[in-house]
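Just below is one structure, and these are the notes that go with it.
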Amino acid sequence: MERSKPALWIGAFTGFHRPGADEVRRLDAVSKFLYSARSVILVISAQAAIIAGLLAATARRFDWGAFILVLVGFVVAHMISNLSNDYYGYRRGHDTPDSPRMRYTVHPLASGVLEPRALAIGLA
């Protein structure tokens, strides 16, 4: 049974799954982008924003608007960092088959999941 696109998107955030390159290539564009950005580890940035929100709440200075901006900003910055690392690491030859980055999940460029141009557009 094939999962719906929103279920795939949520799955990219909710559990570490090491899909094969062939499996990722068959996904829709959003799912490919989320797996390429290593969305499952973006929770680290979300946790930092949540801790900041809790600290603001204890100081009675919590603001929902500011909290949402910080949360989105942290997660997007982390995503950009992951994608930039893959883009430049691949272009410079650092992401070789024996490098640590290549061992723990599918590399979006080295595996052919994304073209360098698509990844650069996603970064923009």
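The values are calculated or read from the model by the stated rules, or taken from the named source; none is laboratory data. Since we're looking at a predicted model, the values are computed, not measured. Please note: Cβ atoms are built from the backbone with ideal geometry, for glycine as well, and neighbour counts cover all protein chains shown. Protein only, heavy atoms only, side chains kept; ligands, DNA and RNA dropped before computing areas. Shrake-Rupley method; radii C 1.70, N 1.55, O 1.52, S 1.80 Å.
Miscellaneous remarks
- Of all stretches in the chain that contain no chymotrypsin sites (Phe, Trp or Tyr not before Pro) in a DSSP loop with at most 14 other Cβ atoms within 10 Å, the longest one is 63-124.
- Over the residues of the chain, the helix contribution to mean residue ellipticity at 222 nm works out to -20000 deg cm²/dmol, using -39500 (n - 2.57) for each DSSP H run of at least 4.
- Surface listing: VAL70, VAL113, VAL75 arranged by accessible area from highest to lowest gives VAL70, VAL75, VAL113, probe 1.4 Å.
- Overall, the anisotropy analysis places the chain in the prolate class: the square-rooted eigenvalues a ≥ b ≥ c of its C-alpha gyration tensor yield a/c not less than 1.5, with a/b exceeding b/c.
- Sequence-separation-based contact order of the chain, relative, with Cα cut under 8 Å and 6+ spacing, percent: 28 percent
- Between region 29-49 and region 82-124, the alpha-carbon centres lie 15 Å apart.
- If you model region 71-124 as an ellipsoid using its alpha carbon gyration tensor, with each semi-axis the square root of five times an eigenvalue, the axes come out at 20, 13, 9 Å, biggest first.
- Local net charge near PRO97, Cβ-Cβ under 15 Å (Lys/Arg +1, Asp/Glu -1): -1
- Net charge dipole, the chain: roughly 120 debye, given to the nearest 20, about the Cα centre with Cβ charges of +1 for Lys and Arg and -1 for Asp and Glu.
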